Every structure is written in C-alpha cells, then in structure tokens.
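Below: the structure, in structure tokens.
The values are calculated or read from the model by the stated rules, or taken from the named source; none is laboratory data. It should be emphasised that the depicted structure is a prediction, and the values quoted were computed from it without experimental measurement. Using ideal geometry, Cβ is built from the backbone for each residue, glycine included, and neighbour counts are taken over all protein chains shown. Surface areas here come from the heavy atoms of the whole protein model, side chains and all, with no ligands, DNA or RNA. Shrake-Rupley method; radii C 1.70, N 1.55, O 1.52, S 1.80 Å.
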Amino acid sequence: MTFVPPESPSRRFAPAAEERTRRSLRIFSLLLAVVLLLVVLMVLVIAQRQNRDATDQDRQRLLQAWEARQETMLTDVRDYAFWGEAWRNLHLTLNTRWAWDEENLGPDLYNEYHYEGVFVVDSAGRTRYAVINGKLTDLPLEAWLGAQSASLLRDARRLQHAALAQNAVIARQPALVVAAPISMGKAARLAEPPGAPSVLVFVNLFTPAKLEVLGKMLDVWALRGAAQADAPQPASLTLGAAGGEAVTLRWQPKMPGTGLLMLLLPILAAVALVTGWITRRVSRHALHHALLSDRRFAMLTLSQQELANSEARFRDLAEAASDWIWETDEQGRLIYLSSRFHRLTGHAIADWMGEHIDRLLTHPSHSLVAWLMRQESNGSSAPLRCQFMSAQGERRIGHLVAKTIWQEGRRAGFRGTVSDITQSMEAEARIQFLSRHDALTGLANRIQLQEYLTRHLELPQPLAILSLDLDQFRPLNDNWGHAAGEQVLNQLAQRLQRGVGAHELAARLGDDEFVLVLQESDAGEIARRCARLLQEVQLPIYTGQQAHYLTASVGIACAPQDASHPEALLRMADIALNEARAAGRNRWVWYASNMASQREHKREMVQRLEQALRNDEFCLHYQPRYQLQSGRLAGAEALIRWQPSDGETIAPDRFIPLAEENGLIVAISDWVLARACRDASGWGADRYVSVNISPVEFRTHDLVQRVAHALESSGLPATRLELEITENVTFDHPQQALEVMQALRALGVRLTVDDFGTGYAALGYLKTFPFNGLKIDRSWIKDFPESQQAASVVAGIIALAHAFALTITAEGIETEAQLDQLKRLSCEEGQGYFLGRPVPLAVFTALLETTSQQVRA
Ligand code: C2E
Ligand code: MG
Ligand code: MG
C-alpha cells in the first residue's frame, strides 16, 4: 500500500507570500525613505545654492558699486590733479585762498562729492593742504592712512597723467583712496619745475550711514564694514589694500534658500507622514492578503495532497480489497471495473465494459437496474445478495452494495462494490450445520435435540426419549485409542440413525451418550424398537481388522405420560438409563416415578455424608483374620461404620458406592487409612491391618502419597499395611492403575484382590497387576463345602492363587465345616463370623490381649 497520511496543515503551512510581501514592503519603504531623503537633500542643496547665489549677487553688485565709485573718484581726482590752476595753486605754491576760499578745493568736495578727506602732499611728503569732512585742517595724510600713505604717494608720484586708487581702512571704516600727481594739465607749455610732483589725495570714507544708503541702493541688507580680525563670513567682500589693511564689507545674506526650506520642509514632512501612513495601511493590507493567500495556498496544497492521498487510498483499497468496484451509466451499462474484478472473477475487464450490469449480476427475482432505481427512491441503500458466474463457470454469491451517482441534480449512473461471499456463505452454512450437529458423527447435537423436543412437545405429540449409553466404551477407548473409539462411535451413530424414522431424531450429547427421540406412543412398539436397537449395537464393529463387540443400556422416558418438558424428559431418561446400568447393562429400562425419589434420596445421602465427614461420624470396626493352619491371629480388616448422631449405624455397602460416585471416597479413605494405621501401630510387630481401597482411587497418582503420608504420620511400617482392591470393578485407566500399584508395592505395602471370583476378568487381573494375595468372595464360601460347584470353584481359586504365588484368604467363614475344608485345601488365611465378627477397636484390642496371653500360656 502506498497510502501516505496527510500532514497537519500547521506543519505544512509555509508563509511564502507573506515573507515575499514583507520583503517587498521593506524594500519599497526603504526606497520611499531614500527618495524622500534625496528630495530633502536636493531641497537643501538648492536652498544652499540659492543662498550662495544670492550672496554672490550681492557681492557682485557691491563690487561693481565699489568699482564704479572708484572710477568716479579716479575721474574726480584726475580732473582736479591735471588741471594747470591746481598745479599752480597747489604744487608750485599752496594757495589756500584759491583752494579753500574760492572753493576750488573746498567744502564742496565733501558736501557734493562726499570726499571726507582731501589732501595735497608736496614732493617732500608733507601734507600742505587737508580738508577733512568739509573742514580745513592741518591733519597730515599719514594720520589717516598711516603707513599706507607712503606707498600711495610713491606710486602716485610715478604716474604720468594718471591716477591710482587704493582701498584702505581708516578709523575702522572702509575707505577708497585715490591719488594722482598734480600736473600742469593743459598748461603743459609751462616749464616743469624739477622735483617730484605734489600728490592730490581724495579719501572717500564709507561711513555706516553711507554704507546703509549704498546697501539700500544695491538691495544689500545691513551692509557694514568689518575689521579684518573678524571671523570670515559668507556674506562678505574683501578688497585688498596695497600696503595696508584689507577692506572687508559684510552684510546680512538674504538666504532665499532658507526661506524655501522653511516652506518646503514642513510640506515634505507632511508628505513623508502621509506617505508613511499610506505605506503602513497598504503594507498591512498587502500582508493581510498575503497571509490569506498563504493560507489559501496551504489549504489548496493540503486539499491537493488530501485528494492525492484519497486517490491513492482509493486505488490501494481497490487493489487490496476483497471486493471489486463497479460503476455504470444511468442505463446500467458498465463503465468502470476495478482491477480486482479480474482477479476475483477471472473475467477480463475489457470484455464487460459497456455491458449491462444485469448480464453480470443476477438476482432470482429482480432486475438489478430496476432494483438500483428503486433503492434511491426508497431513500435507502440496503445491500443485495446476488449471483454471478466466474470465468471458470462456477456459480458465486456476491454481496452488492450500490449508490446512485448524482451530477447537477440528475442521476448520472450507479456505483458500488461486490464482495464474493461464496466462501463465507459456505462457512456460515457449515457453522450453521455444526451449531446444530455433532461434529464427529453428524447426528443432531444437544441444541437441535432441545429445539426438536420443544417444537414437538408444544404440539403436543407423544414421544419416546431413549437415552442410550455404551456399556464398555471407556475401556475400548483406553485399550484401542481414541481414533478407534471415534470410528466405533461413527459407525454406531450410523446404525442409530438408521434406527429412527424421517421425522424422528438421533442425537449425540457427548462421549458415548446418545439420545433417540421416537414418535411412538405404543409401549410394545417402543420395546420392539429398543430390542432391534440393542441388536444393532451388538453387531461387531470393525476398526481395521479389529472387531469390537459392544452392548448398550437404554433408559426410556415418555411424553406426555412422564413429563412434557424437554429437560425433565431427558433427566428421566437418564435416571432410567442409570437403572439399566445398575440392573446389569445391555438392557432397556422404563422410567418409573420412584426412580426419581431414589435419586433424591441419593442426593440427600451425599449431603449427609459430607456432613458426617465434617462431624467425625465414622468409626472403624476390625474383623480378625487368622492363619488357618496355625490358628494365629494374623491381623484384621478395617471396616468402616457410619454412626450418625441421630440414627442407627449405617453399613458401608449403603454409602461407599455413593461416595465412589461423587468423589467423596478420597476423603473417606484418607480418614480410614489414618485411623487404621494409627490403631494398628499398637498391635504388635507382626500383625497387619487391611484397608479397603476403592478402584476409583487408582485414577490419580496421589494415592501413593496419601498412603505414604498415613504410614509416616502413624509410624506404622509399610509391611504391616495391606490394601484390598475389589475385583468386580474394572479399572477406568488400567495403565495408570498399574503404575500406582507398582509404586505402592515399592513402598512395601501389600496388595490383595478383594471379593475374588465375582468379577469379569479374574485371570487377567492376576496377570496384569502386582498383587500379593487374593480373598475368595464369601458368596463362594457360603455354599461351601456342600455345593459341589462351590467346592470346585474354591478349590480352583486356591490352586490358581498358589500358581500365581499369592497368599489366599477365605472370607465369610461361618461354619466349622467351612473352616475345616478350607484348611484341608491349604487355604492360608480366613475371616468370618465363625472366627470373629467385625468389632470396635477396644474389643479387638482386648481380643489381641487374650490371644497373646493364650499364646504365652
Ligand atoms: P468386604 O471388603 O468384602 O468386607 C467383608 C464384608 O463381609 C464386611 O461387610 C463384613 O462384615 C462381612 N462379613 C465378614 N464375615 C462375614 C461372614 O461370615 N458372613 C457374612 N454374611 N458377612 C461377613 P461390611 O463391613 O458390611 O462391608 C461391606 C463392604 O464394604 C466391604 O466388603 C468393603 O468392600 C466395603 N467397605 C467396608 N469398609 C470399607 C472402607 O473402609 N473402605 C472401602 N472402600 N470399602 C469398605
Ligand atoms: Mg475387604
Ligand atoms: Mg470382601
């Protein structure tokens, strides 16, 4: 079988889609974050660039303005320096009146042209004329320009009709300084005096007010001058100054980029938040769907696997089943047959495809398709027993189970199984037969007998119940074995079966117990049929070459006279059978009502016996046994007596057979053995006690242990114990009895055959079993010596005993004549009323005393 059981969904569930979605979502979120970051970076870069560009533009405008001013100043200084009047009034001589008073180089330069300083420095480097902030002063140029003034003057003096400009820091304020050598200008025809020219210097201070105005004009915010020592800042313009401190202008940058940032960043943050929120929603949604899809996928995988398993299971089952599976269309034509069909029926599957199912399976009364249709309309689907022919032509019985196939509410066909139940039907029939018949003989068994009796007694119908039992079956079984026993029973059963009519019954209840039920009411006819039956039984039965001769005992009970209930009738027939056995066997006995009361009486006796054992109601009497030739008291036979507390003493003949029947004999014997051994141990060294042992006690080995135990407990030597075993009963298990006897002999116990001459196999007994002696039954002694026949039998037995070297004892010696005659015949020992009756222990002990005194006397 290849069936693989489905794995549990939890173990099989591999969340692939969920994993994938998670990964994709992570990447997507990361990308989104990177894009956002890039946008932010770009915005930052743009903002920074805008900031820088704005500052650069400011710087550029400032520089242009600065340079424009410089140009203006250069033009101004040139205008004044290359002027013949100036040359004359400022260089050749300093004409303050011309310069200041006539306002050629007066306060206008400050007021109109915003020159804070106007200096004229002569060739010797002395400041000869100085107007500062529109006021005439004598402050030298160095006071404003410091060391820078020297280089300025030097460079200026080298120029020819040109001017120079320098940046400077004056009183911590940025300044533009222009200088030009004062030349004669258009009055050049005048002779140039020797020596260096004087230099005209204009200084334009960029005061905070001026810078503010300039800033406003140029749209540069909070423009100011800065010291060189200040930390460098992006919004600054540094202008080099030859030989002096560089000029630095600072202003407040406009930072349009920062504004842009201020505007964009919150928007970006909001976009990021919204994007994050949407991403999260989408992620959760996608994950949920992925999870669902995974589950669906897992379920799908599982159901696919289930389907595959189910198919495999179906295939395997179809292969392995003892049934075959079929399917038809709606008209009952076969469209599928499992492979087992071929194996089980021998038919080729292909031969039956398309054939009508009614051709394959038949039912004595239905068309199968009609049945199938009816099944469904009934709403039930009970199985149907049908028939089919195997390919070998055998008629087989099938068990059909069917279902209608529905497709979209329409009947599409039928399918089902057929199992071949031929064998089980046969087995069932066999079981049925066996349940009502005896397996060995085929006769009816107890169940059928009961049924038969119940059925016929209800009618009511006169019946004769014959309970029949073979008389010698057990020894036959022991001697010839069970196989022979069974053959005998079988042949006998056939004879009995022939002895009953078609409506009568022969039954076997067990072993050799048979019951025949005859539909007969006439006693004469019943008796005749019994006689014929017994004759039939007596005819030899052969097992191989061996012929067996048997007899039977029969008990008869009749309905309705005796009873009309099966149990009661059988019990009565059994009672009558026991009577037949007791009456000597090989006969029939009619049931009589007093038999039942005898039986009841027996049951009572058994209960009383059990009670007697418990209450110690038994005692032993001892009957002396003498050596006939010497007259010596050799020993005594222990004879049990039952003395119920409320009644007369009961003789052993009345209870020993009963005790033997129900097993109580073992307990009784144990008691007798123990008591006899104990009593005898005080009788003197050479006197024995003889105890009667029942043949049934030889069925088990424990007799040896029981005897040994009695000897051991009493201290009586084994040689002083004799066991008497009656001869008139055959042993059930001769081999076992022999083994037990041998073991007893090994103990040292003597064994004697009791009541010799009454049984069936006198000689066989003596040959088979290891006896030490025999006791001639008193029935022979009774007529002895008068009866010639008795005399010759007794003489024969004595001779026989001598031939087997057995000690011989005569029982029941009642007369002197008997004693004398026995002595003459060399009978060794004797007992009887003439010699001494059975007496209680005390009397016997007293007898022993007197005997030993006589011997001593
Ligand atoms: P048995 O073993 O053959 O015993 C002898 C019987 O003959 C005794 O009868 C005895 O009283 C009787 N008897 C002895 N001498 C004479 C005589 O001269 N004339 C007559 N008519 N009878 C005489 P009891 O005691 O009634 O015993 C009957 C049988 O019961 C015994 O026959 C023996 O088979 C059996 N039995 C007695 N005691 C026991 C016992 O303890 N165990 C077993 N298993 N059987 C016992
Ligand atoms: Mg005896
Ligand atoms: Mg006897």
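Distance from a point 7 Å along Cα→Cβ of Arg20 to each backbone N in segment 264-307: keep the residues under 18 Å and list them by number.
283-302
How far apart, in nm, are the 7 Å Cα→Cβ label points at Tyr833 and Gln252?
According to this spin-label approximation, the distance is 17.0 nm.
What translational diffusion coefficient, to the nearest whole µm²/s, does the chain have by Stokes-Einstein, given a Kirkwood radius computed over alpha-carbon pairs, a temperature of 25 °C and 0.890 mPa s viscosity?
55
Excluding same-chain pairs closer than 8 in sequence, count the lysine pairs in the chain whose Cα atoms lie under 19 Å apart.
So the count works out to 5.
Which cross-chain or sequence-distant (5 or more) residues have an amide H under 5 Å from the amide H of Leu628, H modelled 1.01 Å from N in plane?
Hits under the 5 Å cutoff: Glu829, Gly830.
Taking the solvent-accessible surface of protein heavy atoms with a 1.4 Å probe, what is the per residue accessible area of segment 77-136 in Å²?
Values: 2720 Å² over 60 residues.
Spelled out: the 1.4 Å probe surface of segment 77-136, per residue, equals 45 Å².
Once phi is turned into θ = phi - 60°, what whole-Hz ³J(HN,Hα) does the Karplus curve with 6.51, -1.76 and 1.60 give for every residue of segment 151-159, x standing for Gly and Pro?
5, 4, 5, 4, 4, 5, 5, 6, 7
How do Asp76, Asp351 stack up against each other in accessible area, from largest to smallest, with a 1.4 angstrom probe?
So the residues, ranked largest to smallest area, are Asp351, Asp76.
Relative to the present Cα-Cα distance, how much length would full extension add between Leu265 and Asp702 at 0.36 nm per residue of separation?
145.5 nm
Give me log10 I(q)/I(0) at q = 0.19 Å⁻¹ for segment 628-747, Debye formula, one equal scatterer per alpha-carbon, no solvent.
Calculated log10 I(q)/I(0) at the listed q: -1.11.
Could you work out [θ]222 nm for the chain from helices alone, using -39500 (n - 2.57) per DSSP H run of at least four and dividing by all its residues? Round to the nearest 500 deg cm²/dmol. Numbers along the way, then the final one.
Working: 26 runs with 408 residues, N = 857.
Helix-only estimate at 222 nm: -15500 deg cm²/dmol.
Using label points projected 7 Å from each Cα along Cα→Cβ, tell me how many nm separate Glu306 and Glu600, to one decimal.
The answer from the label model is 7.5 nm.
Short version: ³J(HN,Hα) in whole Hz for each residue of segment 424-431, in order, from phi by Karplus 6.51 cos²θ - 1.76 cosθ + 1.60 (θ = phi - 60°), x for Gly and Pro, what are they?
5, 5, 5, 4, 4, 4, 5, 4
Tell me the carbon and sulfur percent of the accessible area for the chain, rounded to whole percent, probe radius 1.4 Å.
54
Need one word for segment 729-857: rounded, prolate or oblate. Basis is the Cα gyration tensor (sqrt eigenvalues a ≥ b ≥ c); a/c below 1.5 gives rounded, then a/b vs b/c decides.
oblate
For Trp588, which sequence-distant residues (separation of 5 or more, or a different chain) have an amide H within less than 5 Å of its own amide H, given hydrogens modelled in the peptide plane?
Val554
Per residue, how large is the accessible surface of segment 452-567? Use a 1.4 angstrom probe and give square angstrom. Mind dumping the intermediate values first?
Working: 5280 Å² over 116 residues.
Heavy-atom SASA per residue in segment 452-567 reads 46 Å².
Out of the DSSP beta bridges found with both residues in the chain, what percent are antiparallel (nearest 5)? Working shown, then result.
Values: 101 of 128 bridges.
Roughly 80 percent of the DSSP beta bridges within the chain come out antiparallel.
In nanometres, what is the gap between the two model label sites at Gln545 and Ser521, each 7 Å from Cα along Cα-to-Cβ?
Between Gln545 and Ser521, the simple spin-label model gives 5.4 nm.
Convert each backbone phi in segment 770-785 into a coupling constant with the Karplus relation 6.51 cos²θ - 1.76 cosθ + 1.60 (shift: θ = phi - 60°), then list the ³J(HN,Hα) values in order as whole Hz, x for Gly and Pro.
With the stated coefficients, segment 770-785 comes to x, 7, 9, x, 9, 10, 6, 4, 5, 5, 7, 6, 3, 8, 8, x Hz.
Please calculate the 1.4 Å probe accessible area of Glu451, with all protein chains present, and give it to the nearest 10 Å².
The value for Glu451 is about 70 Å².
Please give the contour-minus-distance gain from Gln64 to Ala427: 0.36 nm per residue of separation, less the Cα-Cα distance, rounded to one decimal in nm.
117.8 nm
Relative contact order for the chain: what is it in percent, counting Cα pairs under 8 Å that are at least 6 residues apart?
With pairs under 8 Å counted, the relative contact order is 7 percent.
On the full set of protein chains, 1.4 Å probe, figure out the accessible area of Thr700 and give it in Å² to the nearest 10.
Surface accessible to solvent at Thr700 totals approximately 70 Å².
Of Trp480, Trp221, Gly413, which is farthest along the charge dipole of the chain in the positive direction, counting Lys and Arg as +1 and Asp and Glu as -1 at C-beta?
Trp221
Counting heavy atoms of the protein chains only and a 1.4 Å probe, report the per residue accessible area for segment 647-764 as a whole number of Å².
Per-residue value: 42 Å².
Once all Cα-Cα distances of segment 604-845 are split into 5 Å bins that start at 0, what whole-number percent is in each one?
That works out to 1, 6, 14, 18, 19, 18, 13, 7, 3, 0, in percent per bin.
Round to the nearest 10 and report in Å² the accessible area of Phe769, as given by a 1.4 Å probe over the protein chains' heavy atoms.
Approximately 20 Å² of Phe769 is accessible to the 1.4 Å probe.
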